[in-house]
1. Could I have the simple spin-label model distance between M1 and C36, label points 7 Å from Cα toward Cβ, reported in nm to one decimal?
2. Treating the Cα atoms of the range 105-238 as identical point scatterers in vacuum, please give the log10 of the normalised Debye intensity I(q)/I(0) at q = 0.10, 0.17 Å⁻¹, two decimals.
3. Considering only DSSP beta bridges with both partners in the range 121-232, what is the antiparallel share in %, to the nearest 5?
4. Write down the radius of gyration of the chain and its Dmax, each obtained from C-alpha positions, in Å.
5. Need one number: % antiparallel among DSSP beta bridges in the chain, to the nearest 5.
6. Could you work out how far apart the two model spin labels at V136 and T220 are, taking each label as a point 7 Å from the Cα in the direction of the beta carbon, and quote it in nm?
7. For an R0 of 41 angstrom, estimate the FRET efficiency from the Cβ-Cβ distance between A210 and V262 and round to the nearest 0.05.
8. Taking R0 as 30 Å, what FRET efficiency do you get between E129 and D44 from their Cβ-Cβ distance, rounded to the nearest 0.05?
Amino acid sequence: MDASEIKKVGIAGLGALGSAVTRALLAGIDGLRLECASELNPPDEFDIEIVDFETLAARCDIIVECLPPAIVPKLAEAVFAEGKTLVLISSCAFLMFPEIQKMHDLSTSRVLVPSGALAGLDGVKGLKELGIEKSVIASTKPPRGFEGAPYVDKMGINLAQIESKTRIFEGSALEAAKGFPANVNVAATLSLAGIGAEQTRVEIWADPQAKGNSHEITVTGEFSTLHARIENRPDPANPKSSMLAAQSIVAVLRDMNNALVVL
Ligand SMILES: NC(=O)c1ccc[n+]([C@@H]2O[C@H](COP(=O)([O-])OP(=O)(O)OC[C@H]3O[C@@H](n4cnc5c(N)ncnc54)[C@H](O)[C@@H]3O)[C@@H](O)[C@H]2O)c1
């Protein structure tokens, strides 16, 4: 590959996910080169130039977002102003901050949303072509995984008293984004792939016996019903995150230049 064809990648956020993606880029991904990163507390592990979001967007062709959702609008603004490609893992930000969609509508940037902690989105996209009648995601975590969620506080749910698997929420993905902002990336990704945040239904279950986080999606169309279930064990670097989510970003980056791409 000609050096001029190599695309420069910038990582926004070097926490659990951003560090895993950085390791993969440093190990080598065809056609891509790690250029720089943005991070408030850069880890010693990497010898990488740290820059602000504007510089990241100006210098890189592809910007990989691995930030807390609240920071995403600021990054998106910088990336969209440059018309660069944004790989967005905090898909919940699209639901939580409608200004991102508005800014994106005015830009030439592509936004690529990796499958993250979820699976089955290929089938969801296929079903969408024929019309989806119902799209539901049920997420289950240990009760402590929902500590601090605005819905839990508002409803006065005592997580410590839950002794068996209990449904603590049922509503639209839009409502889930407000009530469980730290837990709703999967619902947001399913919404974006399928029938949108108002139509996608979300169930949230607390299970004291659960070892990690599991997600089940059921998507129904006229000719097919799709069930996908995924069980993720916690990422040791961030128990609230998942290894699969990081590697789904790496897979998106590899697909940028792979000669054979399975979608
Ligand atoms: N789509 C999915 O299925 C999925 C799954 C897991 C995580 N996620 C998302 O990925 C995001 C990253 O996850 P993580 O486990 O790596 O989180 P993390 O907390 O380990 O890392 C976030 C990093 O961002 C840095 N940061 C915060 N503010 C910043 C700023 N203004 N400028 C630069 N850096 C800043 C922090 O210092 C931290 O290192 C999460 O917020 C979550 O929304 C999505």
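Read-outs: derived from the displayed coordinates by stated rules, not from any lab. If you're wondering where the values come from, they're calculated on a predicted model, not measured in any experiment. All Cβ positions, even for glycine, are placed from backbone atoms using ideal geometry, and neighbour counts span all protein chains on display.
1. Between M1 and C36, the label points sit 2.1 nm apart.
2. Here log10 of I(q) over I(0) equals -0.34, -0.91.
3. Values: 22 of 28 bridges.
Percentage antiparallel, nearest 5: 80.
4. Radius of gyration, then largest Cα-Cα span, for the chain: 18.6, 61 Å.
5. In the chain, approximately 50 percent of DSSP beta bridges are antiparallel ones.
6. Modelled inter-label distance: 0.7 nm.
7. It comes out at approximately 0.85.
8. About 0.05, to the nearest 0.05.
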